[in-house]
Amino acid sequence: MTPATRLRGRLLMATVGIALVAAQAIVPAHAVDGPTSFLAGLKHHTTIASTVPANGDQNPYAVFVSPVTKGRLVQDHVLVGNFNNSGNLQGLGSTIVQIDPASQQLSLFASVPQKLDRCPGGVGLTTALAVLKSGWVIIGSLPSTDGTTATKGAGCLMLFDDQGKLADVWTDPKLNGPWGNMAVIDRGSSATLFISNTGFDVGPAPAGDAPVTSKATVLRVGLQIPDGGKPRITDMTVVANGFGEQPDKGVFIIGPTGIALGPNGSIYVSDAIGNRIVSIPAALTRTDSAGTGTEITKDGLLKRPLALVSAPNGNLLVANGLNGQVVEIDPRRTGDAAQVGAQWIDVDKAQQPPGSGDLFGLAVTPKGDGLYYVEDDVNTLVLAH
């Protein structure tokens with residue numbers, strides 16, 4: 001989202017914020033609502049807290065609920081990563097904040113220098129965030145030095161301990177612009193991460209339509225986590241490739257963003273350029289790439305699908321990038337029938353359509369009765385319940 005658009009959003013929210021919150025609470029899911037719809041049960045939208053730390057970082061992307069109380073981490077508190085710096089330049093955010101949903105208090109969990117030599121190009125924290133049961137925190141970086149992809153670096157994965165101290169930086173030729181929300185299988189002494197990479201051969205965004213490069217991947221990363229020691233990477237396998245990726249002046253980069261676990265070791269991926277949700281079979285065990293997988297559903301309610309999470313009813317929830325809706329998908333169906341419905345969770349009319357460009361990370365509440373999401377137009381964490 002551009003600084004000018006974000007400023008318009010803040011000014012509008014300052015004047016009509018109460019009306020917008022009221023509108024959110026009464027906007028229903030549409031299409032097919034019924035006992036299988038998770039979104040249909042979300043009637044209220046409560047702003048929890050600002051996501052802006054003392055250094056002024058903006059544009060919250062990543063959302064992850066801590067599964068553990070350890071060190072500075074608190075179980076069920078929400079961690080949020082910031083992609084922009086205080087000047088609202090994309091790809092320069094360097095902070096992770098932790099928010100207590102009960103007290104609505106924000107605290108800084110981790111901060112790193114924007115120029116980090118071990119991370120190619122520096123630091124710009126993306127939606128790729130995970131908190132492990134062992135207390136380790138992992139987040140991706142897709143950095144810039146001027147807020148555009150003209151100065152984009154390959155980035156890295158960063159490992160933090162439970163005190164928020166940087167413990168390691170991981171780079172590899174298979175890692176280039178780790179971007180979307182991770183799917184995580186956490187076994188305690190080991191873990192498997194699925195991460196999308198959107199930076200391969202992406203250049204500056206031109207004045208007109210940017211070219212689409214079909215080189216984005218989904219990478220499986222295996223971790224060993226020794227008792228009392230820091231995690232180490234044991235293997236990396238590209239399980240999907242050939243997704244579209246595109247530089248963009250407004251949102252920095254467009255590419256596969258959401259990953260969620262599926263049955264029998266499969267995963268689901270939101271293909272933003274293709275405007276669809278696909279399934280990657282045997283992603284947990286395969287030794288080769290499944291290409292772009294099998295299409296579950298395309299177009300319809302989907303408007304550039306971004307972050308993707310599993311709901312308690314087995315459906316998928318995906319944030320739209322081109323309007324303020326979250327769409328519910330039944331992955332047991334295909335085509336239009338898979339799209340259960342959608343709810344307008346961001347109705348900021350400063351964007352057209354309302355909420356366009358405002359939604360990124362999603363996380364289901366630990367009790368399974370609500371949905372956390374961030375609104376980057378006003379830099380807040382919100383609870384739908």
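Some notes on this structure:
- Every test in (1) surrounded by fewer than 20 Cβ atoms within 10 Å (Cβ to Cβ); (2) not in a strand (DSSP E or B) is passed by Lys215 save one, and that test is (2).
- Here the condition is being closer than 25 Å to Arg72 by Cα and not aromatic (Phe, Trp, Tyr); of Asp146, Asp162, Asp172, Asp117, it holds for Asp162 alone.
- Subset of the range 218-245 [of a type in the set (D, E, K, R) and not in a strand (DSSP E or B)]: Asp227, Lys230
- Filter pass, Lys174 being closer than 27 Å to Gly291 by Cβ, over 18 Å from the mean Cα position of the chain (by Cα) and not in a strand (DSSP E or B): yes
- Restricting the range 297-311 to residues that are within 10 Å of Ser270 (Cβ to Cβ) and not hydrophobic (A, V, I, L, M, F, W, C), the residue that is surrounded by the fewest Cβ atoms within 10 Å (Cβ to Cβ): Arg304
- Residues satisfying the stated conditions in the range 226-246, i.e. surrounded by fewer than 20 Cβ atoms within 10 Å (Cβ to Cβ) and of a type in the set (Val, Ile, Thr): Ile233, Thr234, Thr237, Val238
- Qualifying residue in the range 116-129 (condition: crowded, with 22+ Cβ neighbours inside 10 Å, of a type in the set (Ser, Thr, Tyr) and farther than 21 Å from Ala384 by Cβ): yes
- Flag for Leu302 being in contact with a helix residue (DSSP H, G or I) (Cβ under 9 Å, 6 or more places away or on another chain), touching a residue at least 12 places away in the same chain (Cβ under 8 Å), assigned to a loop (DSSP other than H, G, I, E, B) and not hydroxyl-bearing (Ser, Thr, Tyr): no
- Enumeration of residues in the range 130-167 that are at positive phi and surrounded by fewer than 23 Cβ atoms within 10 Å (Cβ to Cβ): Gly135, Gly147, Gly164
- Flag for Ser107 being surrounded by fewer than 24 Cβ atoms within 10 Å (Cβ to Cβ), among the polar types (S, T, N, Q), part of a strand (DSSP E or B) and without any contact (Cβ under 8 Å) to a residue 60 or more places away in the chain: yes
- Against the conditions (1) within 22 Å of Val238 (Cβ to Cβ); (2) assigned to a loop (DSSP other than H, G, I, E, B), Arg118 satisfies every one except (1).
- Number of the exception - Thr380 against (1) modelled with pLDDT of 95 or more; (2) surrounded by 21 or more Cβ atoms within 10 Å (Cβ to Cβ): (2)
Yes/no matrix, rows are residues, columns are (1) surrounded by 23 or more Cβ atoms within 10 Å (Cβ to Cβ); (2) part of a loop (DSSP other than H, G, I, E, B); (3) touching a helix residue (DSSP H, G or I) at 6+ places or on another chain (Cβ under 9 Å):
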| residue | (1), (2), (3) |
| --- | --- |
| Ala283 | yes, yes, yes |
| Asn313 | no, yes, no |
| Val318 | yes, no, no |
| Val326 | yes, no, yes |
| Ala342 | yes, no, yes |
| Asp348 | yes, yes, yes |
| Gln352 | no, yes, no |
| Phe360 | yes, no, no |
| Tyr372 | yes, no, no |
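- Among all residues of the range 10-28, there is none that is surrounded by fewer than 15 Cβ atoms within 10 Å (Cβ to Cβ), at pLDDT 95 or above, of a type in the set (S, T, N, Q) and more than 22 Å from Ala307 (Cα to Cα).
The values are calculated or read from the model by the stated rules, or taken from the named source; none is laboratory data. A quick note: this is a predicted structure, and the numbers were derived from the prediction, not measured. Here Cβ is always computed from backbone atoms with ideal geometry, including for glycine, and neighbour counts include all displayed protein chains.
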